[in-house]
Amino acid sequence: MIKTKKRKKSSRDHGRGMGTHGWGARKKHKKSGHKGGKGMSGSGKRADHKKTLINKLYGHKYFGKQGITSRGTKRDTRQRINLRQIELNPLKYGKKVGDKFEINLLNYKILGTGVIKNKLIIKAKEASLSAIEKIKEAGGEIILPTKKEEKKSQ
């Protein structure tokens with residue numbers, strides 16, 4: 001008897017072959033035991049394929065050194081501003097009174113980078129020597145809180 005209809009090869013091959021996709025036997029790639037645990041475990045020499053997942057879940061601080069600081073070391077959190085920034089836009093930081101600008105930066109330390117042309121009256125927490133010098137040369141003044149040590153010595 002002659003076959004009148006022959007099935008296509010693709011439909012004949014359904015379910016044939018291991019379908020292992022390079023993992024050897026099927027049993028070697030079934031459950032999470034072969035994939036390791038959480039995080040980067042079980043990645044072995046193919047660690048790269050988990051990096052995108054880790055970065056997505058945990059953020060970019062997962063890899064690399066985060067470091068340790070001793071209890072005695074505190075990060076310097078003082079706010080600083082350069083004279084250049086104040087000079088570029090003095091109205092952003094204060095108001096104009098006559099020909100001078102009154103600037104209130106009580107939580108800042110004033111640093112001396114930049115050239116000053118305007119007369120500035122600045123109230124600040126601290127200031128560098130170069131900043132004080134430049135402000136006075138331009139005809140302005142800087143008002144700093146007096147320290148207790150200075151009062152004792154006078």
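Annotation: of all residues in region 62-82 being within 18 Å of the chain's Cα centre (by Cα) and not charged (D, E, K, R), the one that is nearest to N107 (Cα to Cα) is Q79. Within region 119-137, the set of residues being surrounded by 16 or more Cβ atoms within 10 Å (Cβ to Cβ) and hydrophobic (A, V, I, L, M, F, W, C) comprises L120, I121, I122, A124, A127, A131, I132, I135. Does any residue in region 138-154 that is surrounded by 13 or more Cβ atoms within 10 Å (Cβ to Cβ) come within less than 6 Å, Cβ to Cβ, of a residue that is assigned to a loop (DSSP other than H, G, I, E, B) and modelled with pLDDT of 60 or more six or more places away or on a different chain, and which pairs are these? Final answer for the pair search is A138/I116. Taking each residue of region 61-84 that is closer than 28 Å to I142 by Cα and exposed (fewer than 10 other Cβ atoms within 10 Å of the Cβ) and looking for partners that are among the β-branched types (V, I, T) and at pLDDT below 85 with beta-carbon atoms closer than 8 Å, six or more apart or interchain, yields R75/T69. Evaluating R46 against the criteria (1) modelled with pLDDT under 75; (2) surrounded by 10 or more Cβ atoms within 10 Å (Cβ to Cβ) leaves one unmet condition, (2).
Is it the case that I116 is crowded, with 16+ Cβ neighbours inside 10 Å, in a loop (DSSP other than H, G, I, E, B) and of a type in the set (A, V, I, L, M)? In short, yes.
The values are calculated or read from the model by the stated rules, or taken from the named source; none is laboratory data. Just so you know, these numbers come straight off a predicted model, no measurement behind them. Cβ: placed from backbone, ideal geometry, glycine included. Neighbour counts: every protein chain shown.
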